[in-house]
Amino acid sequence: MSNSIKLTLNIWRQANRHAKGRFETYQPKDLSTDMSILEMLDSLNDEMIAAGKEPITFEHDCREGICGTCGIMINGMAHGPDRGTTTCQLYLRRFKDGDTLVLEPWRAKAFPVIKDLLVDRSAFDRIQMAGGYISVNVGNAPEANSILIPKDVALEAFDAAVCIGCGACVAACKNASAMLFVSAKVGHLSLMPQGHPERHDRALNMIAQMDAEGFGSCTNTLECSAACPKEISPKWIQRLNGEYIQAATVTRR
Amino acid sequence: MILDPRTPSGPLDQRWAKAKEEMRLVGPINRRKFKVIIVGTGLAGASAAASLGQQGYDVHCFTFHDSPRRAHSIAAQGGINAAKNYQNDGDSTWRLFYDTIKGGDFRARESNVYRLAQNSANIIDQCVAQGVPFAREYGGTLANRTFGGVLVSRTFYARGQTGQQLLLGAYSSLMREVHEQRVKLYTRHEMHDLIVKDGVAQGIVTRNLMTGEVEAHTAHAVLLCTGGYTNVYYLSTTAMASNVSATWRAYKRGAYFGNPCYVQIHPTCIPVSGHYQSKLTLMSESLRNVGRIWVPRTPGDKRHPNDIPEAERIYFLEERYPTYSNMVPRDVASRNCKEYCDKGHGVGASGDSVYLDFREAIAKEGEPTIRSKYGNLFDMYHKIMGEDPYKQPMKIYPGPHYVMGGLWVDYHLMSNIPGLFVLGEANFSDHGANRLGASALMQGLSDGYFVAPYTVSNYLANKMNTQPLSASDDVCKEAIDNTRNLIDRFLKAKGNQSSESFHRRLGKILFDKVGISRTKQGLQEAITEIQALREDFWNNVRVPGDASYVNQELEKAGRIIDFIEFGELMARDALHREESCGGHFRAEHQIDGEAKRDDDNFAYAAAWQFNGLDKEPTVHKDELKFESVKLTQRSYK
Ligand SMILES: Cc1cc2nc3c(=O)[nH]c(=O)nc-3n(C[C@H](O)[C@H](O)[C@H](O)COP(=O)(O)OP(=O)(O)OC[C@H]3O[C@@H](n4cnc5c(N)ncnc54)[C@H](O)[C@@H]3O)c2cc1C
Ligand code: SF4
Ligand code: FES
């Protein structure tokens, strides 16, 4: 096979939340450069099952970069070396024959490891619950075109709204801060006129929940944005800071 | 048994209003006394949970995903239809209704489809109010694009990520209800069984995927919003964990399965590159707005596509269907692609692909415009294929994408088991034998926001002063044991093959024999092969680990054995339907290469009843009456 490739994998194995993890080394057979990283793990798992060993646990679903389920550290980089790419979209043609890849789970206090490469990201759901919505009941909505939104505003809000909730920003940050994730949601909703009535509470409540979950604080190293598969810009963090100061100084309650 | 679809009578455009007026209500102070279980948090489940939560019911919502936002709806790309007629191009509720029922090759219920078209406009209002950032024009109004099978622009979109934006809207509404403690959310919980007592659905059995705990949850009503089963083909455009288990296990408890053989094979997927490939990636139908489909005129022409001159290309859809050209419905496009590949014109390594070419559109509209509308799709293609579609045509290939079949439901979206409602792709109701693009998102949200809130309330109103079944009732124990026994059987299997390897084999049988084109002989072979595969599975599968903690192989094994059992029913349904309609193409029944329906004998939805795994199921007929439209041979020429 002309597109075959040989790789050595050092993969983090951890039996459960409390177990002490360790790296194990694997040399999977029959790899092709047209395989994605996850297909490589599928194939290794098939080999391990046939040999009576315990396969590697890793999370994934859509395998096209949109659901936000996949995500591992590849050689110390969240989602691997390519910009704007999720783990599931990373193909082995990106690597050289004979390379060694180190595969680890996201590491952050607020994302505890559950098993092998699988982590618990439910903290993101709780942040969303704290205010990542517009309070409109079904049946209350006005005619859609009665709310005019300039094209550039809609496009800008969309740029923030594409966040897939993968957590790479947290994993890439030395402080394990969730500011990029939070700022994307706050930014999207506060730019849209529909989101204005609740913008102050939203910013305050989501940030309070982020802190309560044990995410670190932001020191502007911008590693988050570099790792983000949707290339969410760090400008949203600046906007969030502005939003927060405004909210904290306006005494509405 | 005669199935009662409970469709209201009277003029088509007044049926839903009349039905709503006649429905019973539950007063606000009593709603909290009713417990409702919702399985699934895709567009259908999240919208239903948010709506019923807002009304004040005690809603319990389950998903096997780690977060409701991961549901497969997130991956929908192209858009959502609504009869707003913002483009002033002749659209109306009637026209959306007519396009949908014709697109479905006259195999859906008029009343359901009309209601869907009526609800469509409200869906857009609701989503905009939630902050969904739809594409807009310079004046600030909403923008539209065109999808296949229609002659108007009625599709609303958010670049190539419409499903993501709609789901995040529904998810945010759901999370607000969770915050308000009106909805209790159970993530990483997989439904394994339906609890039925006295012929009424009363709860579910779940396995907590983190702790392995198997438990019964009971309620006054159960809503399955568990998505479609396209993943039965292994290689499909759906997410890896999409499955049939919830609906299949409900079928084994007596719910009828509607039209299991109606599957949509989508013409524009990225081709398969090797045996290790785990899924297909869709290239949205919206690309056919700007892309032209062609193959080389000379079979086996190996030149680079950019070196093949105009005169040596066949733009076969444009030639054969001048009115709709590249925008014919998916089933028609897929069959034509296959036909040309079978004749040797196919391109790509295995000769099973055709070109989708953007050269003209890029020259006319400029690369930046194309990038702003379709950039993410082009990037996705580039990453997977390692070829730049701005510079050379895409290679595309037909792949299983959507299922019109699902559990049988009446006009209230209730199955034949009282108390069991089925919403979204999991039911069979609105798309007949073929779904038009951008109509699934519409249906999921219509079911969840605007239908179930009425019909579920109506059902609950009759249950006043009743308690949910006790979780220690014998039927709950029996259902829990049933689940535990199956888990034990997996763990005790002594083979050495992964369950995934059986899934691949199943997919191949189905794609070859229950795929784009089907024959009597092929279907009979498929049934025998699938039965043999099921036996082989139990003899040779290995499910490592145990059931007391996270065990992904155990999760997969359960989903795959259900697919194997279900695949046989698909083939049986396809075998029994001696006609061609929409996505179901029986090679024996065609005129000039187009599907030939048999309205005298098959104008019904087939609802299958389970009689035991090794016994033939019974088919019940839900006769379709067409009072408002005339049945015609579908033509897109
Ligand atoms: C790639 C792609 C693109 C598409 N693009 C479009 C488009 O542009 N326009 C359009 O209209 N349609 C599109 N579709 C179709 C559309 O996305 C789906 O039909 C629709 O989103 C299904 O929504 P749903 O709510 O019914 O199910 P899903 O979104 O599939 O949700 C299913 C839910 O059920 C849960 N679940 C399932 N089984 C269980 C169980 N046993 N226990 C617990 N939970 C369970 C899952 O966790 C999930 O939450 C597309 C489909 C694909 C594959
Ligand atoms: S901001 Fe980027 S990296 Fe962070 S969760 Fe969203 S998509 Fe992932
Ligand atoms: S698996 Fe969905 S983003 Fe990677």
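The values are calculated or read from the model by the stated rules, or taken from the named source; none is laboratory data. Everything numeric here is computed off the predicted structure, so don't read it as measured data. Glycine also receives a Cβ, built like all others from the backbone with ideal geometry; neighbour counts cover every protein chain displayed. All accessible areas refer to the heavy atoms of the entire protein, side chains included, with ligands and DNA or RNA removed. Shrake-Rupley method; radii C 1.70, N 1.55, O 1.52, S 1.80 Å.
Taking the range A:108-127 as the range and being in contact with a Lys or Arg (Cβ under 7 Å, 6 or more places away or on another chain) and facing chain B (nearest Cβ under 7 Å) as the test, only A:114 passes. Considering only the range A:99-115, I want to know if a residue exists there that is within 16 Å of ligand 1 (Cβ to nearest atom) and modelled with pLDDT of 95 or more. No. For the range B:420-441, filtered to residues that are in contact with an Asp or Glu (Cβ under 9 Å, 6 or more places away or on another chain) and assigned to a helix (DSSP H, G or I), the residue that is surrounded by the most Cβ atoms within 10 Å (Cβ to Cβ) is B:424.
When B:71, B:48 are checked against the criterion of being modelled with pLDDT of 95 or more and in contact with an Asp or Glu (Cβ under 8 Å, 6 or more places away or on another chain), a single residue qualifies: B:48. Remark: pairs (first residue in the range B:62-91, outside the structural domain of residue B:174 (by TED's automatic domain parsing); second residue near ligand 1 (Cβ under 9 Å from one of its atoms); Cβ separation under 7 Å; 6+ apart in sequence or on different chains) are absent.
Condition check ((1) free of Cβ contacts under 8 Å to residues at least 40 places away in the same chain; (2) open to solvent by 10 Å² or more (accessible area, probe 1.4 Å); (3) away from ligand 2 (no atom under 16 Å from the Cβ); (4) not polar (S, T, N, Q)) across all residues:
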site: A:14; (1), (2), (3), (4): no, yes, yes, no
site: A:29; (1), (2), (3), (4): yes, yes, yes, yes
site: A:73; (1), (2), (3), (4): no, yes, no, yes
site: A:81; (1), (2), (3), (4): yes, yes, no, yes
site: A:92; (1), (2), (3), (4): no, no, yes, yes
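Selection within the range A:135-178: residues that are on the phi > 0 side of the Ramachandran plot and away from ligand 3 (no atom under 16 Å from the Cβ). The member of this set that is least open to solvent (accessible area, probe 1.4 Å) is A:176. Within the range A:28-58, being part of a loop (DSSP other than H, G, I, E, B), at the interface with chain B (Cβ under 7 Å from one of its Cβ atoms) and under 28 Å from residue B:284 (Cβ atoms) holds for A:34, A:35. Checking the range A:3-11 against the condition returns a match, with at least one residue being open to solvent by 10 Å² or more (accessible area, probe 1.4 Å), more than 16 Å from ligand 3 (Cβ to nearest atom), free of Cβ contacts under 8 Å to residues at least 60 places away in the same chain and not in a helix (DSSP H, G or I).
Checked across the range B:47-70, the condition of being within 14 Å of another protein chain (Cβ to nearest Cβ), open to solvent by 10 Å² or more (accessible area, probe 1.4 Å), farther than 26 Å from residue B:97 by Cβ and of a type in the set (Gly, Ala, Ser) holds for at least one residue. Do we have any residue at all in the range A:148-165 that's more than 10 Å from every other protein chain (Cβ to nearest Cβ) and in contact with a Pro (Cβ under 7 Å, 6 or more places away or on another chain)? No.
Please indicate, with yes or no, whether at least one residue in the range B:337-344 is among the small types (Gly, Ala, Ser), more than 14 Å from every other protein chain (Cβ to nearest Cβ) and over 30 Å from residue B:247 (Cα atoms). Yes: the range B:337-344 contains one or more residues that are among the small types (Gly, Ala, Ser), more than 14 Å from every other protein chain (Cβ to nearest Cβ) and over 30 Å from residue B:247 (Cα atoms).
Within the range A:16-27, the set of residues being exposed (fewer than 15 other Cβ atoms within 10 Å of the Cβ), under 24 Å from the mean Cα position of the chain (by Cα) and either within 14 Å of another protein chain (Cβ to nearest Cβ) or outside any strand (DSSP E or B) (or both) comprises A:16, A:17, A:18. Condition first: surrounded by 20 or more Cβ atoms within 10 Å (Cβ to Cβ), aromatic (Phe, Trp, Tyr), assigned to a loop (DSSP other than H, G, I, E, B) and touching a Phe, Trp or Tyr at 6+ places or on another chain (Cβ under 9 Å). Can you find one or more residues in the range B:7-30 that meet it? Within the range B:7-30, not a single residue is surrounded by 20 or more Cβ atoms within 10 Å (Cβ to Cβ), aromatic (Phe, Trp, Tyr), assigned to a loop (DSSP other than H, G, I, E, B) and touching a Phe, Trp or Tyr at 6+ places or on another chain (Cβ under 9 Å).
Checking the stated criteria, residue B:532 turns out to be of a type outside the set (Lys, Arg), open to solvent by 50 Å² or more (accessible area, probe 1.4 Å) and outside any loop (DSSP other than H, G, I, E, B).
I'm checking my understanding of the structure. Among residues of the range B:197-216 that are touching a helix residue (DSSP H, G or I) at 6+ places or on another chain (Cβ under 7 Å), part of a strand (DSSP E or B) and of a type in the set (A, V, I, L, M), which one is least open to solvent (accessible area, probe 1.4 Å)? That would be B:205.
Scanning the range B:242-256 for residues that are away from ligand 1 (no atom under 13 Å from the Cβ) and touching an Asp or Glu at 6+ places or on another chain (Cβ under 8 Å) returns a single hit, B:253. All of A:209, A:194, A:246, A:238 fail the test of being open to solvent by 20 Å² or more (accessible area, probe 1.4 Å), away from ligand 2 (no atom under 12 Å from the Cβ) and in contact with a His (Cβ under 8 Å, 6 or more places away or on another chain), apart from A:246.
Within the set B:370, B:396, B:417, the sole residue that is away from chain A (no Cβ under 14 Å), more than 16 Å from ligand 3 (Cβ to nearest atom) and in a helix (DSSP H, G or I) turns out to be B:370.
Is it the case that residue A:226 is open to solvent by 10 Å² or more (accessible area, probe 1.4 Å) and assigned to a helix (DSSP H, G or I)? Yes; evaluated as a whole, the condition is true for this residue.
Looking across the range B:250-298 at every residue that is surrounded by fewer than 24 Cβ atoms within 10 Å (Cβ to Cβ), more than 22 Å from residue B:333 (Cβ to Cβ) and away from chain A (no Cβ under 14 Å), the one that is farthest from the chain's Cα centre (by Cα) is identified as B:298.
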